[in-house]
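J.: Okay, handing you the structure first.
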Amino acid sequence: MARRISIFGSTGSIGQNTVDLIERDPAAYDVVALSGGGNIALLAEQARKLQADIAITAYEDRLEDLRAALAGSGVEVAAGAQALCDAADRPAEWVMSAIVGAAGLYPGFAALRHGGSLALANKESLVTAGPLLLAEARAHDARILPVDSEHSAVFQALVGEDMEAVERIVITASGGPFRDWPLDAIAKATLAEAVAHPNWDMGQRISIDSASMFNKALELIETREFFGIDPERIEAVVHPGSIVHALVGFKDGALMAHLGAPDMRHAIGYALHWPERRDLPVARLDLAAIGNLSFERPDELRFPALRLAREVMATGGRAGAVFNAAKEAALDAFIAEQIGFLDMAAVVEATLEGMDRDTSLSIPPQSLDCVAEVDHLARNMAAREAAARASNR
Ligand code: NAD
Ligand code: MG
């Protein structure tokens, strides 16, 4: 029997890697929904190739383009945020959540209601609404399988282990393109410099987040939410080679590491075939050729996002939603070349402080609507902070 699957964000970096695995064994899958944004040609190509039931573009004004691109294919078309949630409501046994940003939250929630597996690349879902997402999964007997490479690595290192025996979780960070840059150079970093990641080939937004270590900051919070471990027991270590993805330290002092080539198809494939392991088209490591693995302590002065993540984890409640929304708004301003690289952290910090003055951040959001409202307020405040910094430049 073919497995019914959907891929939200199929045209992105994670999405294309997922499609790559699926199309190697087309008979095994019955593709329900694929979604993308403005790259209509790619979305249509994927939908034809995988014979999806429906293709959805996030942009309502692109519906007719999508309809034209899929004419005669038998693939249904739809557009907009509501259409995306409606498509996620169609039963599927395995759903990839690979939309970037808080926009990925609602489709992921909808997908959990069928009690299948949600392969979660969209880390923003856990950062903004972790407890709600996990509760939704429990309520519907659904499971969340982490796709972020570090979290997949931790998940794999924990197979057969008892969380009680876990002393710490260590996630690695490549350090990004500015790992050894001095603070004043980082302050002047350009958009082109920030996008060029040394090891991983990723979407533009996550590449910049890797350069600022906002990505690692989100991942620390994601670790806290997904594995339910105290923030003091979570560490990030800089490992420029990106060979070790994460380590789990146990009570007896043992440290179990997960190693692999920097290829997201490993984490995606693990989530796809879980609980089995199957052959995956990823490079095998030649340890002797690699020679050495090096590690460094992260520098919270040059990468203030890491310090902010600690504060967010200590505060809990709505701090994650504010942090993520402010980060997204600050990133928009950096991509628009309105603010400098380090202004992003300053904008996020000011927004956390400003939002906390209005209502204590430690109060947990009770519903998705509440998360959406916090997100909206934080985004507006961060945009104002960014505009103020832009006019001072
Ligand atoms: P990407 O930018 O390459 O792709 C994003 C996808 O989301 C595209 O299909 C795009 O059309 C869609 N999209 C963008 N905005 C949307 C909106 N408002 N509504 C609906 N759809 C929208 O991103 P990516 O690098 O593939 O990352 C996707 C997610 O996976 C992110 O949450 C990211 O943090 C996470 N992730 C990525 C990697 C990686 O290697 N790329 C690794 C770990 C985690
Ligand atoms: Mg990661």
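The values are calculated or read from the model by the stated rules, or taken from the named source; none is laboratory data. Computed from a predicted structure; not experimentally measured. Every residue, glycine among them, receives a Cβ derived from its backbone with ideal geometry; neighbour counts consider all protein chains shown. Each accessible area value is taken on the protein alone, full model and side chains, heavy atoms only, with ligands, DNA and RNA left out. Shrake-Rupley method; radii C 1.70, N 1.55, O 1.52, S 1.80 Å.
J.: Taking the Cβ-Cβ separation of L301 and A71 as r and a Förster radius of 56 Å, what is the calculated FRET efficiency to the nearest 0.05?
T.: It comes to 0.50.
J.: Per residue of region 74-90, in order, report the coupling 6.51 cos²θ - 1.76 cosθ + 1.60 (Karplus, θ = phi - 60°) as ³J(HN,Hα) in whole Hz, putting x for Gly and Pro.
T.: x, 7, 5, 10, 7, 8, x, 5, 5, 4, 5, 5, 4, 5, 5, 6, 6
J.: Report in % the part of the accessible area of the chain that belongs to carbon and sulfur, leaving out ligands and nucleic acids; probe 1.4 Å.
T.: 50 percent
J.: For region 270-286, what does the Karplus curve 6.51 cos²θ - 1.76 cosθ + 1.60, with θ = phi - 60°, yield as ³J(HN,Hα) per residue in whole Hz, taken in order and with x for Gly and Pro?
T.: So the Karplus estimates, Gly and Pro as x, are 5, 5, 5, 9, 3, x, 8, 10, 10, 4, 10, x, 10, 5, 8, 6, 9 Hz.
J.: For Q366 and A387 in the same chain, what is the full-extension length gain: residue separation times 0.36 nm, less their Cα-Cα distance, in nm?
T.: On the way: separation 21, 0.36 × 21 = 7.56 nm, distance 3.10 nm.
Difference between extended and current length: 4.5 nm.
J.: Give me the 1.4 Å probe accessible area per residue for region 1-115, excluding ligands and nucleic acids, in Å².
T.: Roughly 41 Å² per residue, with all protein chains present.
J.: Roughly how many Å² is the accessible area per residue of region 171-319, as a whole number, for a 1.4 Å probe?
T.: Values: 6810 Å² over 149 residues.
With the other protein chains kept in place, region 171-319 gives 46 Å² per residue.
J.: Put a dot 7 Å past each Cα toward the Cβ at R233 and I335; how far apart are the dots in nm?
T.: Label at I335, label at R233, 3.6 nm between them.
J.: Continuing with the same structure: What does the helix-only formula give at 222 nm for the chain: each DSSP H stretch with n ≥ 4 adding -39500 (n - 2.57), the total divided by the residues, and the result rounded to the nearest 500 deg cm²/dmol? The partial results should precede the final answer.
T.: Working: 17 runs with 184 residues, N = 393.
For the chain, the value works out to -14000 deg cm²/dmol.
J.: Arranged from highest to lowest average of other beta-carbon atoms within 10 Å per residue, in what order do the peptides 366-374, 100-108 appear?
T.: For the peptides 366-374, 100-108, the packing ranking is 100-108, 366-374.
J.: Of K49/K123; K49/K327; K123/K251, which pairs sit farther than 31 Å apart, going by alpha carbon to alpha carbon?
T.: From K49/K123; K49/K327; K123/K251, over 31 Å: K49/K327.
J.: Sort the chain into rounded, prolate or oblate with this rule: let a ≥ b ≥ c be the square roots of the eigenvalues of the Cα gyration tensor; rounded if a/c is under 1.5, and if a/c is not under 1.5, prolate when a/b is larger than b/c, oblate otherwise.
T.: Verdict is rounded for the chain.
J.: Give the distance, in whole Å, between the Cα centre of region 319-338 and the Cα centre of region 36-56.
T.: 29 Å
J.: For the chain, what is the percent of antiparallel DSSP beta bridges, rounded to the nearest 5?
T.: Just about 25 percent of them are antiparallel.
J.: Quote the FRET efficiency, to the nearest 0.05, computed for N199 versus R277 with a Förster distance R0 of 30 Å and r equal to the Cβ-Cβ distance.
T.: Here the calculated transfer efficiency is 0.80.
J.: What percent do you get for the relative contact order of the chain when only Cα pairs under 8 Å and 6+ apart count?
T.: Relative contact order here is 14 percent.
J.: Please say if region 47-98 is rounded, prolate or oblate, where rounded means a/c under 1.5 for a ≥ b ≥ c the square roots of the C-alpha gyration tensor eigenvalues, and otherwise the choice is prolate for a/b larger than b/c and oblate otherwise? Could you put the intermediate results ahead of the total?
T.: Values: a/c = 2.18, a/b = 1.23, b/c = 1.78.
Note, shape of region 47-98 comes out oblate.
J.: Please work out the FRET efficiency for the pair N292 and D252, using the Cβ-Cβ distance as r and a Förster radius of 25 Å; give the result to the nearest 0.05.
T.: That gives a FRET efficiency of 0.40.
J.: Restricting to Cα pairs below 8 Å that are 6+ residues apart, what does the relative contact order work out to for region 148-274? Please round to a whole percent.
T.: 40 percent
J.: A further question on this structure: If packing is taken as the average number of other Cβ atoms within 10 Å across a peptide's residues, how do 184-192, 385-393, 282-290 rank, most packed first?
T.: 385-393, 184-192, 282-290
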